Amino acid sequence: MTDSMIEVVDLKQHFPIYGGVFLRQVGTVYALDGVSIKVKRGETVGLVGESGCGKTTMGRTMLRLYDPTAGRIFIDGVDITRLSQKELRPLRRQMQIIFQDPFESLNSRHTVGEILEESFIIHKQLDSRERKSKVKQLLDTVGLSGSASDRYPHEFSGGQRQRIGIARAISLNPKLVVCDEPVSALDVSIQSQILNLLLTLQRELELTYLFISHDLAVVKHISDRIAVMYLGKIVEYASAADIIETPQHPYTQALISAIPEPDPERKKKKIILIGDVPSPINPPPGCCFHTRCPVAKDVCRQQIPVLKQSDTGIDHQVACHFAGEVNLAE
Ligand code: SF4
């Protein structure tokens, strides 16, 4: 048995853009451009980066909600890259997703009980009485009362709706859950309750999480390892502690400098990046970050830096020609 729950190799997701009278292809969105990553069984990997960097596309392509343009996807050792939807169906139980907006993802015309029963009906599991009992058990597991099953999603608060989304995601005993910005739409006080619920469920159900967020402060709270994404590529990947304490990529250093510091004694330099993220329709040559990197040199504009093991001797990968030599926070 492999120790990797997820392994993606050189994954690419390019979306064609059609235009003109004849709707010909006029461009391409390079949403994912050669991502390789392994997530071990039972761990949480946080995937962090600014809006539009490809995080959500990565989560959905890994689950084969989108068909990849190129590359390979292995889930629990099984190559699912080219499986048909019919072949994927039995594997779908093992890989689930929690969406950012629980209201959008829950059918407002169905009661919570009907929503939670749906997965069992689709996968032809349990009879009607067993399904109702399982729904009660699921609601209890996520901290909601059994009476919630007769109510509609609009009758719940945002945090409660996300609990319903989580109940649906764990209903079929998955091994892997992609959490796509699951707390971004919630108040800060509710965010920590949902994060703690996810951590408890992970321990009890032995789940593996890919936790997608634009907020590094949230990601560091829940992740064992963190992958930093920029313009469809992973630019740094290491343990959460190493990413936070010794970031090597200038982009990661800038993201960390933006995390609010609760201790007023520990002052840190804030790194302001100039300019916007380039368009994934027309990514820059060389290092994808060179247009905003304060220490870019000629080589950065010409050669793409490969994600490789840093010289630190620990498991820490960086894609920068000057990894280990630059510290923007100094
Ligand atoms: Fe900056 Fe060059 Fe490193 Fe890219 S390769 S992050 S441009 S120093």
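The values are calculated or read from the model by the stated rules, or taken from the named source; none is laboratory data. Keep in mind that this is a model prediction, so the values were computed, not measured. Cβ coordinates were reconstructed from backbone atoms using ideal geometry, including for glycine residues, and neighbour counts include every protein chain displayed. Areas reflect the complete protein model, heavy atoms only, side chains present, ligands, DNA and RNA absent. Shrake-Rupley method; radii C 1.70, N 1.55, O 1.52, S 1.80 Å.
Give me the distance in nm between label points sitting 7 Å out from Cα along the Cα-to-Cβ direction at E104 and R129, one decimal.
In this crude spin-label approximation the distance works out to 4.1 nm.
Mind ranking 290-298, 319-327 by how tightly packed they are, going by the mean number of other C-beta atoms within 10 angstrom, highest first?
319-327, 290-298
When all alpha-carbon pairs of segment 187-226 are counted, what percent fall beyond 17 Å?
26
Ordering H316, H123, H214 by accessible area with a probe of 1.4 Å, largest first, what comes out?
Per-residue accessible area, sorted high to low, gives H214, H123, H316.
For segment 247-330, what is the relative contact order in percent, using Cα pairs closer than 8 Å and at least 6 residues apart in sequence?
34
Under 10 Å, Cα contacts only: if you run a Gaussian network model on the chain, which one of I170, I190, I256 comes out with the highest mean-square fluctuation?
Its mean-square fluctuation being the largest, the pick is I190.
Given labels modelled 7 Å from the Cα in the Cβ direction, how far is it in nm from E261 to S51?
2.8
Given the pairs K233/K269; K134/K220; K12/K86, which span a C-alpha to C-alpha distance of over 30 angstrom in this model?
Result: K134/K220 exceed 30 Å.
Please report, as a whole percent, how much of the solvent-accessible surface of segment 216-300 comes from carbon and sulfur atoms (probe radius 1.4 Å).
Carbon and sulfur atoms account for 57 percent of the accessible area of segment 216-300.
Pull out a ≥ b ≥ c, the square roots of the eigenvalues of the alpha-carbon gyration tensor of segment 95-212, then state rounded if a/c is under 1.5, prolate if not and a/b is larger than b/c, and oblate in the remaining case.
oblate
If I fit a long axis through the Cα atoms of helix 188-205 and take the longest principal axis of the Cα atoms of the chain, what angle between them do I get, 0 to 90°, rounded to 10?
Result, in degrees: 70.
Specify the angular offset, from 0 to 90 degrees and rounded to the nearest 10, of the alpha carbon long axis of helix 128-141 from the longest principal axis of the alpha carbons in the chain.
50
For a quick check: with amide H placed at 1.01 Å from N, whose amide H comes under 5 Å from I6's, ignoring anything fewer than 5 positions away on the same chain?
The answer is V39, D76.
Residue by residue, what Karplus-based ³J(HN,Hα) values in Hz, rounded to whole numbers, does segment 33-43 have, using 6.51, -1.76 and 1.60 with θ = phi - 60° and x for Gly and Pro?
Running phi through 6.51 cos²θ - 1.76 cosθ + 1.60 with θ = phi - 60° gives 9, x, 9, 10, 7, 10, 10, 6, 4, x, 9 Hz.
What accessible area per residue comes out for the chain, rounded to a whole number of Å², with a 1.4 Å probe?
Normalised by residue count, the accessible surface of the chain is 50 Å².
Under a straight-distance cross-link criterion of Cα-Cα below 13 Å, which aspartates and glutamates are reachable from K308, leaving out those fewer than 8 residues away in the same chain?
Reachable aspartates and glutamates: E236.
Need the list of aspartates and glutamates near K132 for cross-linking: C-alpha distance under 13 angstrom, and skip anything on the same chain fewer than eight residues off.
E114, E117, E118, D140, D150
Write down, largest first, the equivalent ellipsoid semi-axes of segment 247-330 in whole Å, where each equals the square root of 5 times an eigenvalue of the alpha-carbon gyration tensor.
Those come to 24, 18, 11 Å.
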